[in-house]
Structure formats: structure tokens, C-alpha cells
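As C-alpha cells, the structure follows; a few thoughts come after it.
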Amino acid sequence: MKKFSPAWLPILILLLALLGCAPKSLTPEKDLLDTLGRFTQDLRWNNPSRAARFFVEPLGRGFLESYRGREGLNITDVQVTEVLLSPDGLSAEVGLRLEYYRLPSASVRHKDISQLWQVEPGALPGPGSWRLHTPFPDLP
């Protein structure tokens, strides 16, 4: 019977370390839900520059330009109401319900919107692979 050579120990440790650092992606649906959570949080916290990162270009720039022109807009809540994942797991129709108000009014308004999200071609699996392909609606 052969004995284990200690010379292999550093290679074994390196291999285990590399496997532990592999991207953690469970399913496309989980990745999408993680992405939606970050996107809706950025909208609620009035962080348009971070929310714009989720749009494909030129929609991201368009979102930023239009958001800056919406003086007094405050989004108070964003809820994911529906997620319809395609059979191949590469695109999804997402329903959102926005609650917002625009100063000087204090009346909260609601708007239901539908969005198309798609996995970017060639992207590594994970939450960063999903991009929004629908312009953000006007909120009167």
C-alpha cells in the first residue's frame, strides 16, 4: 500500500481553496430574484445611479436623465408582484407595483408595470448576469 506523499498537500489545499471561491449560482430564478431585490432597494432608497446599472444601454443613461428631471419624486415602495421565467431560464417577464408621491403633493400613488429581464449573452452565472430591457415608465 502506498503512503500519501506530503508533497501533494499544497496542491490539494490550493485545489480546495479554488473550489471554495467558485461563483455561487443556484438557479437562474434565484439569481433573478437576487437581482430584483437589489434593483428595488436602489429605487426605494432613491439611488438612481445604482439602479441604472441594471438597465441595458442606452436605457440606463435614459433612466438617469429622466430620473434627474423628476423633481420631487419619492418612491416609497416597490413590490415584485409576478415573475414568469421562460422555459430556457434566460428571460423573464416581471411585474412590479410602485408606490410613490411627487412633492408638493403628499398623496401616494400606485403604478403597476411590466418589465422584460434577460440574461446577458456570455455573462457568468449569477445575479450580475440579468439586465433590464424595458424603459422605466413615466410617473406623473
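The values are calculated or read from the model by the stated rules, or taken from the named source; none is laboratory data. Source: prediction; values computed, not measured. For neighbour counting, all protein chains shown are included, and Cβ atoms are generated from backbone atoms with ideal geometry for every residue, glycine included. Note: areas computed on protein heavy atoms with side chains; ligands, DNA, RNA excluded. Shrake-Rupley method; radii C 1.70, N 1.55, O 1.52, S 1.80 Å.
The table for this structure:
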quantity	calculated
Rounded accessible area of SER129 (nearest 10 Å², 1.4 Å probe)	10
Heavy-atom accessible surface of the range 59-140: percent carbon and sulfur, 1.4 Å	53
Efficiency of FRET from Cβ geometry, GLU29 and SER49, R₀ 22 Å, rounded to 0.05	0.20
Solvent-accessible area per residue for the range 26-140 (1.4 angstrom probe, square angstrom)	55
Computed P(r) (all Cα pairs; the range 41-140; 10 Å bins; percent)	15, 46, 30, 8, 1
Kirkwood Rh and Cα Rg combined as Rg over Rh, evaluated for the range 100-140	1.20
Per-pair calculated FRET efficiency, R0 = 22 Å: GLU82 and VAL108 via Cβ, rounded to 0.05	0.55
Relative contact order for the range 93-140, counting Cα pairs under 8 Å that sit 6 or more residues apart, in percent	32
